[in-house]
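Report on one structure; see the data block that follows.
The values are calculated or read from the model by the stated rules, or taken from the named source; none is laboratory data. As the structure is a computational prediction, the values presented were derived from the model and not from experiment. No Cβ is skipped: glycine too gets one built from the backbone with ideal geometry, and neighbour counts run over all protein chains shown. The protein model used for the area step is the full one, side chains on, heavy atoms only, and it has no ligands, DNA or RNA in it. Shrake-Rupley method; radii C 1.70, N 1.55, O 1.52, S 1.80 Å.
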Amino acid sequence: MRLQPIVCSLLDTDLYKFNMDQVIFHKHTDLCGEYYFKCRNQGVTFSEEIVSEICEQIDHLCTLRFTKEELDYLRSIRFIKADYVEFLRLWHPIREYVSVSRSESGELSIVVKGPLFSAMQFEIYLLEIVNEVYFRMTYDYEALKKSAQERLDQKIRDFRSGKYTFKFAEFGCRRRLSREWEDTVVRRLAQETDNCVGTSNVYLAMKYHLIPIGTYAHEFVQMYQGIDSIPLAYTNQYAMKDWYDEYLGDNGTALTDTVTTDLFLLDFNRSMVNNYSGVRHDSGDPYEWGEKMIAHYKKYGADPKSKLLLFSDSLDFDRAQQLYDYFKDKAKVSFGIGTFCSNDTQEEALNIVIKLQYVNGRPVAKLSDTPGKAMCRDSEYLDYLKRSVAFRLKREGADKNCC
């Protein structure tokens, strides 16, 4: 390797990876998954040297094991169960599950295939590796870090001056400038402001005695599309039920937009409204979404001020403050802020993702509330999923109107 190891701890990932994996470990060990990398930036290419370094970093990742200290920390998280921690004592990333290649035009391809409980864990580690290798080997890293430092200094001054008054969690693992820089950001925001309530990065939460924050991602709902016995338009219902069965409301913020928020609301009935502590926004107009969720809580007699609206869609601090000012007297409000914390430099950040695309050989997809965010390798299946969702919305909406 030309660079120092990028991932040095298997805790250096988002908490929701462990949350989702625990449910899979207890309920769905028969599922196999395929994940595919995509860079959404136009004109970005990866040199042969960059791809070679990425491969060597993945080789190193697959030598890591959880330490006793790390396992003890996971065990201390109240909703992580002892049998799952014992599984992690045995688990490690398997190199053969990951294939990396480069096209003649410089497009990077990464595919992860394996048992879902193992394949899913690669996502954050791989994104951390790709991002840091790219920025260290493409730009003057010290100049990038200097610009990031200046911007972080200003952010902290703005919190201290009262320009920003909201609470938030740092969600920056996947698109960080570097491991070193995310560490600096989390430490300074936590120690120099009263506004950073925690981080999604489990390793940094352990290191700085912060609250590790996270629930589940789109892939958790998507995986139910690969189970033959579950109708496509009801996958969110099954996902929420399994999640509640696992955590009994102790880890209860629901993600609404995997197969559109409108469909989610059909399944977010009185029982689920009471069982879940809040909901997370990740696509579509945040104001429209927030008002829709508040109206839904009121419909079932729940006080919106007792429920959390967690916003996490491409936020910067100005947008977060505007949302906070609008909703603070209507509901509990918090924010998960990623790239703007961990990779705010003079250069454009990479918009890179690794998404679940097949489960047990069947295509799966995320629809979201922003059409451009949909990602599916099978256009015919994507159209079928959209029709299934539209049919249920039309049918159940008509049923309710008749009543």
Return the residue satisfying two criteria in turn: it lies in segment 217-235 and is among the aromatic types (Phe, Trp, Tyr) and either in contact with a Pro (Cβ under 8 Å, 6 or more places away or on another chain) or buried (at least 17 other Cβ atoms within 10 Å of the Cβ) (or both), and of such residues it is nearest to Phe122 (Cα to Cα).
Phe220
Do the conditions hold for Gly284, that is, is it open to solvent by 10 Å² or more (accessible area, probe 1.4 Å), under 19 Å from the mean Cα position of the chain (by Cα) and farther than 27 Å from Lys27 by Cα?
yes
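Test of understanding: among Tyr297, Tyr238, which residue is assigned to a helix (DSSP H, G or I) and either touching a His at 6+ places or on another chain (Cβ under 6 Å) or open to solvent by 10 Å² or more (accessible area, probe 1.4 Å) (or both)?
Only one candidate qualifies: Tyr238.
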Scanning segment 153-195 for residues that are in contact with a helix residue (DSSP H, G or I) (Cβ under 6 Å, 6 or more places away or on another chain) and over 25 Å from Glu123 (Cα atoms), the one most open to solvent (accessible area, probe 1.4 Å) turns out to be Glu192
Identify, from the list Gly198, Gly162, the residue that is in contact with a strand residue (DSSP E or B) (Cβ under 6 Å, 6 or more places away or on another chain), more than 27 Å from Val133 (Cβ to Cβ) and free of Cβ contacts under 8 Å to residues at least 60 places away in the same chain.
Gly198
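Of all residues in segment 70-81, count the ones that are out of contact with any Ser or Thr (no Cβ under 9 Å at 6 or more places or on another chain) and in contact (Cβ under 8 Å) with a residue 12 or more places away in the chain.
Of the residues in segment 70-81, 8 are out of contact with any Ser or Thr (no Cβ under 9 Å at 6 or more places or on another chain) and in contact (Cβ under 8 Å) with a residue 12 or more places away in the chain.
Please work out which residue is most open to solvent (accessible area, probe 1.4 Å), limiting yourself to segment 84-95 and to residues that are touching a residue at least 12 places away in the same chain (Cβ under 8 Å) and part of a helix (DSSP H, G or I). Give the derivation first.
As a first pass, look at segment 84-95 and keep what is touching a residue at least 12 places away in the same chain (Cβ under 8 Å): 84-85, 87-89, 91-95.
Add one more test, that the residue is part of a helix (DSSP H, G or I), and what stays is 84-85, 87-89, 95.
On the way: Tyr84: 0, Val85: 0, Phe87: 38, Leu88: 1, Arg89: 118, Arg95: 60 Å².
My answer is Arg89.
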Check off (1) crowded, with 20+ Cβ neighbours inside 10 Å; (2) not in a helix (DSSP H, G or I) for Phe117 and give me the number that stays unchecked.
(2)
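Yes/no per residue for (1) in a loop (DSSP other than H, G, I, E, B); (2) within 28 Å of Cys376 (Cα to Cα); (3) of a type in the set (A, V, I, L, M, F, W, C); (4) in contact with a Phe, Trp or Tyr (Cβ under 7 Å, 6 or more places away or on another chain):
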{"site": "Gln154", "(1), (2), (3), (4)": "no, no, no, no"}
{"site": "Tyr164", "(1), (2), (3), (4)": "yes, no, no, yes"}
{"site": "Glu182", "(1), (2), (3), (4)": "no, no, no, no"}
{"site": "Arg188", "(1), (2), (3), (4)": "no, no, no, no"}
{"site": "Gln191", "(1), (2), (3), (4)": "no, no, no, no"}
{"site": "Met206", "(1), (2), (3), (4)": "no, no, yes, yes"}
{"site": "Gln225", "(1), (2), (3), (4)": "no, yes, no, no"}
{"site": "Ser229", "(1), (2), (3), (4)": "yes, yes, no, no"}
Glu34 vs. criteria open to solvent by 10 Å² or more (accessible area, probe 1.4 Å) and of a type in the set (Asp, Glu)
yes
For segment 329-381, how many residues meet the condition of being touching a residue at least 40 places away in the same chain (Cβ under 8 Å), within 28 Å of Met293 (Cβ to Cβ) and assigned to a loop (DSSP other than H, G, I, E, B)?
10
Asp158 fails exactly one of (1) assigned to a helix (DSSP H, G or I); (2) under 18 Å from the mean Cα position of the chain (by Cα), namely (2)
Return only the number of the condition from (1) touching a residue at least 60 places away in the same chain (Cβ under 8 Å); (2) open to solvent by 20 Å² or more (accessible area, probe 1.4 Å); (3) under 26 Å from Tyr203 (Cα atoms); (4) in a helix (DSSP H, G or I) that Ile58 does not satisfy.
(2)
Could you tell me which residue of segment 204-216 is nearest to Asn251 (Cα to Cα), considering only residues that are touching a helix residue (DSSP H, G or I) at 6+ places or on another chain (Cβ under 7 Å) and open to solvent by less than 10 Å² (accessible area, probe 1.4 Å)?
Tyr216
The residue that is farthest from Asp14 (Cα to Cα), considering only those in segment 115-147 that are in contact with a helix residue (DSSP H, G or I) (Cβ under 9 Å, 6 or more places away or on another chain) and of a type in the set (Ser, Thr, Tyr), is Thr138
What's the number of the condition Leu64 fails, among (1) assigned to a helix (DSSP H, G or I); (2) open to solvent by less than 30 Å² (accessible area, probe 1.4 Å)?
(1)
Can you tell me which of Asn201, Asn251 is at pLDDT 95 or above and crowded, with 19+ Cβ neighbours inside 10 Å?
Asn201
If you check Leu263, Leu356, Leu308, which single one turns out to be at pLDDT 95 or above and open to solvent by 20 Å² or more (accessible area, probe 1.4 Å)?
Leu308
